[in-house]
Protein chains: 2
Amino acid sequence: MGVPILQPESKVSFGRLKAFIQEALTRLGLPVPDAAVVAALMAEADLQGSDGHGVSRLPQYARRIKAGGFNVRPNIHLVREQAGTALLNGDNGMGHLVMKRAAEIAIEKARATGIAWVSSQFSNHAGPASLYATMPLAHDMIGLYFAVGNANHLPPWGGLDMLLSTNPIAAAIPAGDEKPIVLDMATTVAAYGKVKTKALRGETMPEGWMIDREGKPLTDPKRADEGMLLPLGGMEAGYKGYGLAMIIGLLAGTLGGAAMGKDVIDFNHDDGSVTNTGQAIAAINIAAFGDVDVFKASVDALIRDFRNSRRMPGVERISVPGERSQETRAARTRDGIPIAPALMRGLDQVADELGIVKLA
Amino acid sequence: MGVPILQPESKVSFGRLKAFIQEALTRLGLPVPDAAVVAALMAEADLQGSDGHGVSRLPQYARRIKAGGFNVRPNIHLVREQAGTALLNGDNGMGHLVMKRAAEIAIEKARATGIAWVSSQFSNHAGPASLYATMPLAHDMIGLYFAVGNANHLPPWGGLDMLLSTNPIAAAIPAGDEKPIVLDMATTVAAYGKVKTKALRGETMPEGWMIDREGKPLTDPKRADEGMLLPLGGMEAGYKGYGLAMIIGLLAGTLGGAAMGKDVIDFNHDDGSVTNTGQAIAAINIAAFGDVDVFKASVDALIRDFRNSRRMPGVERISVPGERSQETRAARTRDGIPIAPALMRGLDQVADELGIVKLA
């Protein structure tokens, strides 16, 4: 103690982490079943290595609930519906609840029509995109997910006004014997959650993640507010990442009547306002296009061809999207989920405030 | 003459270009209505500035037809169909015919279900992705388009085996008073069509477009066969562009039973084999999610906020995706479409071989 920099990382089990989050959310006013759903998804984020989107968000969620920024007893309801589409109003509930429901509706509809798309409005931050994109996998469907991020960290290409978030895209494709292919990426060089994680760990960022308002590299994550994230493509082809971020914002936000552009609330600095967050999930039923087993065998063969490719000098292995997360999940299931000292101090404070047993 | 480097660029009208292509394709055996459809789409590509995907492909298409690599009288037919999906077999016809039909089916289905997705198999190169993504716009729908490119130019991240193409994505979003937002991008730093254009013009490529097999920058477009395109994100975050290219290949190729990975035929070096090219188009009916006029007004407001953003030093204007193409279209409608000398020589040769009047 006394010298926090030397304090070792704690490790906790998935079960313990889920129970801790569930207890906290219940104390904060969520009905137990809702608290259980959110806790499972948040702990799942940590299990798979999405450290910027799991329990690290709990202190902020707690602040937001206390400030009235989340509705802890939302009436999540359909606003419009067609055979292959739905618009879901989250009634300002936690995004995890809204998007789990959205995924369930999309899966159900895609069974009948082949493809379905569900957009949310008045939703909130829902954790890593891959949580929802992977939900259709168990039904032999492909999942696609798009979200408007909860704070604007980049301007239009060439501009200075913060009008875009890191708007992520996720896609999950089922395989047969192999693990599914799961892409989950911010449309910036680095996700803002990674910047937060660097700050929590007291590390600096590599050049190329952020620039300041004069266009110079910014590497201190504690100065993140003074700068902007670079869109995917960086200084050279960042207009492509900018275009992707804008399209995803239109699909996930504007289409469903949710916030986009200057209407996006910076939830890192505003605990009380309704964010009107928008997300969208699509489910594509593989059986609508052909034999499911044939498809899965093709995906398996593709994964193996990629994995077995000749490698560039110095490269030890070739991965497909999702593989690292699956390995992290296996390792953390076995060894526990690491909690950085700075985060643990924040969680201890949440526990004290709510009068619950500390995480570890 | 005599000094080709000084030969001026010719300019031709859209009407003249379309008529020339149509005449050539008719002589090559396409029925007149099909030749007219392909010619209009190819000339449209040139009009909007997609120089790598318009008439510059005609010499190659002509070779391919003569070699039996395209079916000039295809029976384009539905293989499977659900309320919101279809799988279209192109019977190895020209991709323009297949994907125009696919777009029409997607639009029709989305009117009933809110969203539709049509995948192609046994299709072929269809020109720029934006041609098809923009087709739903006139029906107050959003268009999304995904394609497997017709030659593999990049390995998996860290690898050396060419298993991926530049697999493009396009998205078109209708606006109100403003022009629609149209993103059309290869998932590499540069599209291979741009490399071909550089070669035709005798120019070198900037560093960062391609690397050779040792990972060193490759800037001579005539040596393109010796190197690989860098995925979007470049050396720093190229694993994201790699992930996008793979997912798009799975959606556009594998899902519809079309070629992907090592099954992709390099149509730059093989005129005779059936490519089994796959593409996919989705149409999303805006009315399924809310009032169309409200949506369009939101898009207009967003475009204006972006355009009017404060700018970084040295930046003269801020564009939204599609704006440059729309300006090119206006300029070329007024002034004509420029045809580079090297391309004109190739087109003259096509005209001679087919016994038709030269383009200009």
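No value in this document is a laboratory result; all are computed from the given coordinates. Computed from a predicted structure; not experimentally measured. Note that each Cβ is placed from the backbone with ideal geometry, even for glycine, and that neighbours are counted across all protein chains shown.
General remarks:
- Only Cα sites of the range A:169-217 enter the Debye sum here, all with the same form factor; the resulting log10 I(q)/I(0) across q = 0.14, 0.21, 0.31 1/Å is -0.54, -0.81, -1.13, listed in q order.
- Selected from A:Val189, A:Val32, A:Val294 as most flexible by GNM, with chain A as the system and alpha-carbon contacts under 10 Å: A:Val294
- Computed E for B:Glu104/B:Met235 - FRET, C-beta separation, R0 45 angstrom, nearest 0.05: 0.60
- Cross-link partners for A:Lys240 among the aspartates and glutamates, with Cα-Cα distance under 14 Å and sequence neighbours closer than 8 places in the same chain left out: B:Asp184, B:Glu323.
- The range B:40-178 shape via C-alpha gyration tensor axes, a/c threshold 1.5: rounded
- Chain A: C-alpha gyration tensor shape, a/c 1.5 cut-off, then a/b vs b/c: rounded
- Prolate/oblate/rounded label for the range A:279-360 (Cα gyration tensor, a/c 1.5): oblate
- Mean-position separation - Cα centroids, the range B:287-332 and the range B:148-227, in angstrom: 25 Å
- Largest GNM mean-square fluctuation among A:Ala331, A:Ala147, A:Ala24, using chain A with Cα springs under 10 Å: A:Ala331.
- Shielding by other protein chains, B:276-283, mean Cβ within 10 Å: 1
- Averaged over B:27-34, number of beta-carbon atoms from partner chains that fall within 10 Å: 0
- The count of lysine pairs in the range B:1-117 whose Cα atoms are under 24 Å apart, excluding pairs fewer than 8 places apart on the same chain, comes to 4.
- Note on chain A: with a GNM built from Cα contacts shorter than 10 Å, the maximum mean-square fluctuation among A:Gly346, A:Gly69, A:Gly93 falls on A:Gly346.
- Burial ranking of peptide ranges B:301-307, A:212-218 (average Cβ count within 10 Å, highest at the top): B:301-307, A:212-218
- Relative contact order of the range A:251-360, pairs being alpha-carbon contacts under 8 Å that are 6 or more residues apart, as %: 13 percent
- Percentage relative contact order, chain B, counting C-alpha pairs under 8 Å, at least six apart: 23 percent
- Nm distances between copies for B:Glu9, ranked from closest, using label points 7 Å along Cα→Cβ: 5.5
- Label point 7 Å beyond Cα of A:Asp140 along Cβ direction - residues of the range A:253-296 with amide nitrogen under 19 Å: A:283-296
- Inter-label distance, B:Arg345 to B:Lys66: 1.7 nm, where each label sits 7 Å from its Cα along the C-beta direction.
- With each label modelled as a point 7 angstrom along the Cα→C-beta vector, the B:Val274-A:Arg310 pair spans 3.1 nm.
- Under 12 Å from B:Lys198, Cα to Cα: aspartates and glutamates that are on another chain or at least 8 residues apart: B:Asp51, B:Asp220
- Straight-line reach from A:Lys262: taking Cα to Cα under 17 Å and skipping same-chain neighbours fewer than 8 places apart, the lysines in range are B:Lys296.
- Computed [θ] at 222 nm, deg cm²/dmol, chain A (DSSP H ≥ 4; -39,500 (n - 2.57); rounded to nearest 500): -12000 deg cm²/dmol
- Using a Förster distance of 41 Å, the FRET efficiency for B:Glu203-A:Asp291 (Cβ separation, nearest 0.05): 0.30
- Per-residue HN-Hα couplings for the range B:13-20 [Karplus 6.51, -1.76, 1.60; θ = phi - 60°; Hz; x = Gly/Pro]: 7, 4, x, 5, 5, 4, 4, 5
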